[in-house]
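Chemist: Questions regarding the structure given below will be posed in turn.
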Amino acid sequence: MQFQIEKIIVWPIDSERFPHPREVEFKLNCVNVISGESRTGKSAIVAIIDYCLGSDECTIPGGKVRDNASWFGVIAAHAGGRLLLARRNPPPGTKSTGEFYIQELDKDEPTPSKIKKGEFDADYAVDMLSKLAGIPALRRTDSGASQDEKITFRDVAHLLLQPQDIVASRLIMFNKMNEYWSKVKLSNWFNFVLGAESEQDVRDKIRLEAIRLRLDQIERQKKADLDELNRWVNDLSGNLRNARALGLVEEDEVIPEDKKELLLLAKKIVDEDRSGIKPKHRSKSSIDRELKRLDDEYQKLNADASAKKRRLDTASDLRTALIEAGDVTAIRRDRLQISKWIEANWRPAQICPVCGGATHPAAKSEVGKICREVLRCETAVNNIKHVPETTQAVIDLRQREYDEAAKKLSAKEAQIKVLEDEKREVRGYLEEERQRARLIQALKDLIKLNEATLGKTEIDAEAEKLRAEEKEIRRRYNQAAIKARAKAAQLKICELTLGIFKSLDSEDIYQTNLPEFDEKNLTVKLADTKNVKYSLSEVGSASNWVSLHVALTCALQEYLTSLTSSCVPNFVVYDQPSQVYFPSPKLVRNDEPNKPDKPLVGKDLEAMRKMFAAINQSTRKGNRTFSWQAIVLEHAGEDVYGAIPNINKLKPWRDGEALIPHEWYESNEAIPE
């Protein structure tokens, strides 16, 4: 894919004071080197490119770079022209923003001096870049992963960036390959990335997998249907006996043993017309309505009987109270017996109870009169009735009223009981009807299942159509050829890698035999003189690590640019590949102003020159379809790479020169990487 970085752009926050953005311009199809001191913003270049190409997070360093920028952008040169991708600087405390400003630029059209608002989001930007790269919007599920995989421009972008922590890593070869899903997805799409698998191949493979999945589902369904049919047929004899108990089969009809005859009998039951059969019982709803009416009447009768019972109880309680009161009076009277008491306790010598004199000549006679009068009164009292005769008459009346009401209530209870018994019978009838309906439906399902399982159905027609489509796809889809092309591509990349690796500061032991491509981990294994393979983590020396990173990335670009088309942009950014040689007592660079650098001498200097020379040689087109672009961010100066031709040497970022212009901030503090 022809896609290289023409410019890196940073727009200031204060566009009124500083009307022009900071632009760092690169040449295409060659090596571009930015050399500079620490904390001048070199490493921010990698993060800005990544951010403007749609990364999820902004890894642009904080400090003066983020504090003085409103937008970051890149201008990319591609086959169709020039594309400006600008993205707003995330607010403090946030990891990213999705706001993008995207513009196609004419050949000599200048960079916009100010960006006010973006009209696109990150998803749109990534989708647009994916279409530009020719990456199909497809999801493949052949990896055994727990989620579908859709490759985008973001995935192939991992092959383009070699930040400080990656360029000499012994654990991973490409950016983000320490993240499991990023590695798995890119690995599973790597045949497509290498051009060994076309978009049509991917579509065919996905469709074949979908067809096979559906055919397996159909086979499992048919097997399950056949098992279900056999189970039903085995149980059919018992079901038909139940049908006889439910009146669906005549009492004298013999249940056959043969499966075909059993199915014929089942079909006879299902096809029988029962529309004219009337139920032998009232409907449950009519019984419920009558029960409701009787219950309402019962409640009224019960209320009336209760009222009459209360009146009867009141009259009875009154009679009982009167009787108890008379009994108490009689007891008290009998206990007193006043006449006898007077007669027994009077003495002739006592005072006359009538006149009060002590010498009354007829005192005894007077006392006798009193006793006789009192006795007469006591006798009269004994003849008095404590309970009036009318009281009993009232009680008898209330009793008759209550008995009549209770009789009506009892009769109503009997009516309700009859209806409830009828309702229970109806429930039994209805349950039988439901059982008959369920059995008939089950027999229908059995007949349908038998026809579907043993005859040709829609699902069989679908399977036949899918098999025909599968056969047609397999005529053009050749998995063996894809594997052969992928193997040949990997072999070519390994050959190119070995050739570049031998020209770098690498150990002789690994320069003889061809390395082996590790498709799963997206790296190569080095081979020693005995052809024993070693992963990078098993190889010692940082010089071997950085040499393999440079060799593989160059080899990959050489291979991809030799193809007629590729989905991978033709540029790579290296952030300080010479770091493994710093600090060294023989490689001393003076970062203090106005003091000359000490000369760089020795093997480490030669090793760094080899690195720049190898990258420079690799970017040249030669007999390939395209060239590619390298951007190298370095501490090393021109004494390392200055003598190498065709290298674009940007103005060194020293003596106040940096990514963020000094005028944009007030203090003279150093700018963070």
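Chemist: Can you confirm whether LYS7 is open to solvent by 10 Å² or more (accessible area, probe 1.4 Å) and either outside any loop (DSSP other than H, G, I, E, B) or without any contact (Cβ under 8 Å) to a residue 12 or more places away in the chain (or both)?
Modeler: When the stated conditions are applied, LYS7 passes them.
Chemist: So, one more: Of the numbered conditions (1) in contact with a Leu (Cβ under 9 Å, 6 or more places away or on another chain); (2) over 30 Å from SER43 (Cβ atoms), ILE172 satisfies every one except a single condition; which is it?
Modeler: With (1) in contact with a Leu (Cβ under 9 Å, 6 or more places away or on another chain); (2) over 30 Å from SER43 (Cβ atoms) applied to ILE172, the lone miss is (2).
Chemist: Which residue, of ILE509, ILE482, ILE473, ILE493, is out of contact with any Lys or Arg (no Cβ under 9 Å at 6 or more places or on another chain) and open to solvent by less than 30 Å² (accessible area, probe 1.4 Å)?
Modeler: Only one candidate qualifies: ILE493.
Chemist: What are the pairs, 6+ residues apart or on separate chains, where a residue within the range 259-281 that is in a helix (DSSP H, G or I) and open to solvent by 100 Å² or more (accessible area, probe 1.4 Å) has its Cβ under 7 Å from a residue that is basic (Lys, Arg) and at pLDDT below 65?
Modeler: Pairs found: none.
Chemist: If VAL65 meets every condition in (1) at pLDDT 95 or above; (2) open to solvent by less than 10 Å² (accessible area, probe 1.4 Å) apart from one, which number is that one?
Modeler: It fails just one condition, (1).
Chemist: From the list ALA44, ALA77, exactly one residue is surrounded by fewer than 23 Cβ atoms within 10 Å (Cβ to Cβ), over 31 Å from the mean Cα position of the chain (by Cα) and either modelled with pLDDT of 95 or more or under 25 Å from PHE3 (Cα atoms) (or both). Which is it?
Modeler: ALA77
Chemist: Next up: Could you tell me how many of the residues in the range 28-87 are assigned to a loop (DSSP other than H, G, I, E, B), touching a His at 6+ places or on another chain (Cβ under 9 Å) and not charged (D, E, K, R)?
Modeler: Summing the residues that are assigned to a loop (DSSP other than H, G, I, E, B), touching a His at 6+ places or on another chain (Cβ under 9 Å) and not charged (D, E, K, R) in the range 28-87 gives 1.
Chemist: Restricting attention to the range 314-322, does a residue exist that is in a helix (DSSP H, G or I), at pLDDT 70 or above and among the charged types (D, E, K, R)?
Modeler: yes
Chemist: Shifting gears a bit: Go through the range 628-653 and count every residue that is in contact with a strand residue (DSSP E or B) (Cβ under 9 Å, 6 or more places away or on another chain), in contact (Cβ under 8 Å) with a residue 12 or more places away in the chain and assigned to a loop (DSSP other than H, G, I, E, B).
Modeler: The number of residues fulfilling the criteria is 8.
Chemist: Enumerate the pairs (first residue in the range 564-581 and within 12 Å of GLN162 (Cα to Cα) and touching a residue at least 12 places away in the same chain (Cβ under 8 Å); second residue anywhere and open to solvent by 10 Å² or more (accessible area, probe 1.4 Å) and small (Gly, Ala, Ser)) with beta-carbon separation below 9 Å, excluding pairs fewer than 6 apart on the same chain, so at least 6 apart or on different chains.
Modeler: From the range 564-581, the pairs are ASP575/SER43; GLN576/SER43; GLN576/ALA168; PRO577/ALA168.
Chemist: OK, next. For the range 200-227, give me each residue that is of a type in the set (A, V, I, L, M) and in contact (Cβ under 8 Å) with a residue 24 or more places away in the chain.
Modeler: VAL202, ILE206, LEU208, ILE211, LEU215, ILE218, LEU226
Residue-by-condition table, conditions (1) among the small types (Gly, Ala, Ser); (2) touching a Cys at 6+ places or on another chain (Cβ under 8 Å):
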position: ASN478; (1), (2): no, no
position: ALA486; (1), (2): yes, no
position: LEU498; (1), (2): no, no
position: ILE509; (1), (2): no, no
position: GLU516; (1), (2): no, yes
position: VAL524; (1), (2): no, yes
position: THR529; (1), (2): no, no
position: SER541; (1), (2): yes, no
position: LEU548; (1), (2): no, no
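Chemist: I'd like the full set of residues that are in a helix (DSSP H, G or I), surrounded by fewer than 20 Cβ atoms within 10 Å (Cβ to Cβ) and among the small types (Gly, Ala, Ser), limited to the range 515-567.
Modeler: Within the range 515-567, SER537, ALA542, SER543 meet the criteria.
Chemist: Of everything in the range 146-178 that's touching a strand residue (DSSP E or B) at 6+ places or on another chain (Cβ under 7 Å) and buried (at least 18 other Cβ atoms within 10 Å of the Cβ), which residue is farthest from SER38 (Cα to Cα)?
Modeler: So the residue we want is GLU149.
Chemist: Next question. Looking at the range 98-125 only, could you name the residues that are in a helix (DSSP H, G or I) and either buried (at least 18 other Cβ atoms within 10 Å of the Cβ) or of a type in the set (Gly, Ala, Ser) (or both)?
Modeler: Scanning the range 98-125 gives ALA122, ALA125.
Chemist: For the range 202-232, which residues satisfy the criterion of being more than 29 Å from the chain's Cα centre (by Cα) and either among the aliphatic types (A, V, I, L, M) or open to solvent by 20 Å² or more (accessible area, probe 1.4 Å) (or both)?
Modeler: Within the range 202-232, GLU219, LYS222, LYS223, ALA224, ASP225, LEU226, ASP227, GLU228, LEU229, ASN230, ARG231, TRP232 meet the criteria.
Chemist: Here are some residues: LYS95, LYS183. Which one is within 30 Å of ILE493 (Cβ to Cβ) and either open to solvent by 10 Å² or more (accessible area, probe 1.4 Å) or within 31 Å of the chain's Cα centre (by Cα) (or both)?
Modeler: LYS183
Chemist: May I ask you to list the residues in the range 56-74 that are among the polar types (S, T, N, Q) and either more than 35 Å from the chain's Cα centre (by Cα) or within 27 Å of SER627 (Cβ to Cβ) (or both)?
Modeler: ASN68, SER70
Chemist: Can you tell me which residue in the range 612-646 is surrounded by the most Cβ atoms within 10 Å (Cβ to Cβ), limited to those that are among the small types (Gly, Ala, Ser) and under 50 Å from the mean Cα position of the chain (by Cα)?
Modeler: The selected residue is ALA630.
Chemist: Please go through (1) modelled with pLDDT of 80 or more; (2) in contact with a Cys (Cβ under 8 Å, 6 or more places away or on another chain) for ILE416 and return the number of the only condition it doesn't satisfy.
Modeler: (2)
Chemist: What are the residues in the range 644-671 that are of a type in the set (Gly, Ala, Ser) and modelled with pLDDT of 90 or more, if any?
Modeler: ALA658
Chemist: What are the pairs with Cβ atoms under 9 angstrom where one residue, in the range 407-423, is touching a residue at least 40 places away in the same chain (Cβ under 8 Å) and surrounded by 14 or more Cβ atoms within 10 Å (Cβ to Cβ) and the other, located anywhere, is not in a helix (DSSP H, G or I) and not aromatic (Phe, Trp, Tyr)? Sequence gap at least six, or different chains.
Modeler: These pairs meet every condition: GLU422/HIS281; GLU422/ARG282.
For every residue, the table says whether it meets (1) farther than 19 Å from LYS117 by Cα; (2) out of contact with any Phe, Trp or Tyr (no Cβ under 7 Å at 6 or more places or on another chain); (3) surrounded by fewer than 18 Cβ atoms within 10 Å (Cβ to Cβ).
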{"site": "GLN2", "(1), (2), (3)": "yes, no, no"}
{"site": "ASP14", "(1), (2), (3)": "no, yes, yes"}
{"site": "LEU28", "(1), (2), (3)": "yes, yes, yes"}
{"site": "VAL33", "(1), (2), (3)": "yes, no, no"}
{"site": "ILE48", "(1), (2), (3)": "no, no, no"}
{"site": "GLU57", "(1), (2), (3)": "yes, yes, yes"}
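The values are calculated or read from the model by the stated rules, or taken from the named source; none is laboratory data. Note that this is a predicted model, so its numbers are computed, not measured. Ideal geometry is used to build each Cβ from the backbone, glycine not excepted, and the neighbour counts take in all protein chains shown. Calculation scope for accessible area: heavy atoms of the full protein, side chains included, ligands and nucleic acids excluded. Shrake-Rupley method; radii C 1.70, N 1.55, O 1.52, S 1.80 Å.
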